[in-house]
Amino acid sequence: MAIAGALPGLAGSCEVMGAKYRLFEQVSPGYGFDAIAIAFLSCGSVSAVVLSSLLFAALRSGANVMQRSAGVAVTVVYLIQGLTVLFIAISLPLERGRSYMKSG
């Protein structure tokens, strides 16, 4: 866990000190929040991390195109991401209860 925490810290310090030479208020566009949601959606599977990362990347990059071409607000993408995480969170206890009922 120390290595997993040190690598993003090192990347962030390189971004602040190496590219910008100072700390700005909006230096991070929210990668940490996306990473938490992706880790939650993957349920410990490496292939699921790749797939959920691609899903979030497609949603995030498509949001700007959608806003320019169709006039749909970017917050719709945040709503879709939130609902995805919510439905996965709801399905986990239901699945666990279903397997408990079958075994018991």
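Observations, loosely collected:
- Subset of region 49-104 [within 21 Å of the chain's Cα centre (by Cα) and of a type in the set (D, E, K, R)]: 60
- For region 76-96, filtering for residues that are free of Cβ contacts under 8 Å to residues at least 40 places away in the same chain and under 20 Å from residue 63 (Cβ atoms) leaves 9.
Conditions (1) exposed (fewer than 11 other Cβ atoms within 10 Å of the Cβ); (2) touching a Lys or Arg at 6+ places or on another chain (Cβ under 6 Å); (3) at pLDDT 80 or above, marked per residue:
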| position | (1), (2), (3) |
| --- | --- |
| 17 | no, no, no |
| 22 | yes, no, no |
| 25 | yes, no, no |
| 37 | no, no, yes |
| 43 | no, no, yes |
| 52 | no, no, yes |
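- Applying a threshold of 9 Å to beta carbon distances and a minimum spacing of six or more residues, or different chains, the list of pairs starting in region 31-44 at a residue that is over 15 Å from residue 12 (Cα atoms) and ending at one that is among the β-branched types (Val, Ile, Thr) and surrounded by fewer than 14 Cβ atoms within 10 Å (Cβ to Cβ) reads 42/50.
- Matching option when the condition is assigned to a helix (DSSP H, G or I) and in contact with a Gly (Cβ under 8 Å, 6 or more places away or on another chain), among 50, 65, 77: 77
- Test: residue in region 75-85 that is surrounded by 11 or more Cβ atoms within 10 Å (Cβ to Cβ), closer than 21 Å to residue 11 by Cα and of a type in the set (Phe, Trp, Tyr): no
The values are calculated or read from the model by the stated rules, or taken from the named source; none is laboratory data. Note that this is a predicted model, so its numbers are computed, not measured. Glycine gets a Cβ as well: all are built from the backbone with ideal geometry, and neighbour counts include every protein chain shown.
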